[in-house]
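Structure first, then comments.
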Amino acid sequence: MTLANKLTLARLAAAPLAFLCIWLQRPSLYLAALVLYVLAISTDWVDGYIARKTKSVSPFGAAADPLADKVLVIGALLAFLRIPELDVPNWAVFLIIVRELLIGGLRALAGSQGVLLFADKGGKLKMVVQSATVLVILILLVLRHYFMTELPGWTERLPYYFVVASMGISILSGAMYVHTSRRMLKKSWNTPQKKT
């Protein structure tokens, strides 16, 4: 197994730990979740860099890397829904999850035709925005509950706006994936012709 793939698996393993730290709603665990998340998203950049630098891009990495990202982000967003003070919109989280499931299905369909769908610029931008959203919310939680900092009133609505922005970028990038894959989709709609 390549080093890049090992880092991807480490990020995938960190996701449920970060989720649990947020879910339990304890100040010290919010800090632990923030540390875990910073380390996890750091490996996202590092494993991609290593894979390109060492020319060790693999089919496993192409599938596992976006999966780790999804588990990391969606896990955090679902845990945030349990914290009323954040006012994270559940409808936006639902649409983000639907988008990820649809693109996951699209990747599976492409794989069945021997095609690997790598992340495009829209997908990478989506991940940056979603990661920033989770980081901002975790920082707010740590400042409020661990450091007992009194924050300005306008920060109360930040989680809502960041999650909605993440949802918008997610839907847009998903539409771009579907558009660029339209030929493959049309091909998959038809029953394969039997040779006579």
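Just so it is clear, none of the values below were taken in a lab; they were calculated from the coordinates. Since the structure is predicted, the reported quantities are computational estimates derived from the model, not experimental observations. A quick note on method: Cβ atoms are made from the backbone with ideal geometry, for glycine too, and the neighbour counts reach across all protein chains shown.
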Given [x] 16.8; [y] 23.1; [z] 17.9, the label whose value is Kirkwood radius over Cα pairs in Å derived from this model
[z]
Hand me the tally of lysine pairs in the chain: alpha carbons under 26 angstrom apart, and the pair either on different chains or 8 or more positions apart.
24
Nearest 10, in degrees from 0 to 90: the angle of helix 121-141 to the longest Cα principal axis of the chain is 20 degrees
Which residue fluctuates the most in the chain, going by a Gaussian network model with Cα springs under 10 Å, if the choices are Ala51, Ala15, Ala76?
Ala51
With DSSP loop assignment and no more than 16 other C-beta atoms within 10 Å, the trypsin sites (Lys or Arg not before Pro) in segment 108-196 are Lys194, Lys195
I want the local charge near Ser173. Using Cβ-Cβ distances under 15 Å, sum +1 for each Lys or Arg and -1 for each Asp or Glu among the other residues.
+3
Which loop-located chymotrypsin sites (Phe, Trp or Tyr not before Pro) does segment 113-194 contain, where loop means any DSSP state but H, G, I, E or B and the Cβ has at most 13 other Cβ atoms within 10 Å?
Phe118, Phe147
Under a Cβ-Cβ cut-off of 9 Å, what is the net charge of the residues other than Asp65 that fall near it, where Lys and Arg count +1 and Asp and Glu count -1?
-2
Going through segment 1-83, which trypsin sites (Lys or Arg not before Pro) have at most 13 other Cβ atoms within 10 Å and a DSSP loop state?
Lys55, Arg82
Nearest 10 degrees is fine. How inclined is helix 27-53 to the longest principal axis of the chain, computing both from alpha carbons?
30 degrees
How far is helix 59-80 tilted off the main Cα axis of the chain, in degrees rounded to 10, range 0 to 90?
30 degrees
Measure of size requested: the Rg and Dmax of segment 1-98, with Cα atoms as the atom set and Å as the unit; please supply both.
14.8, 46
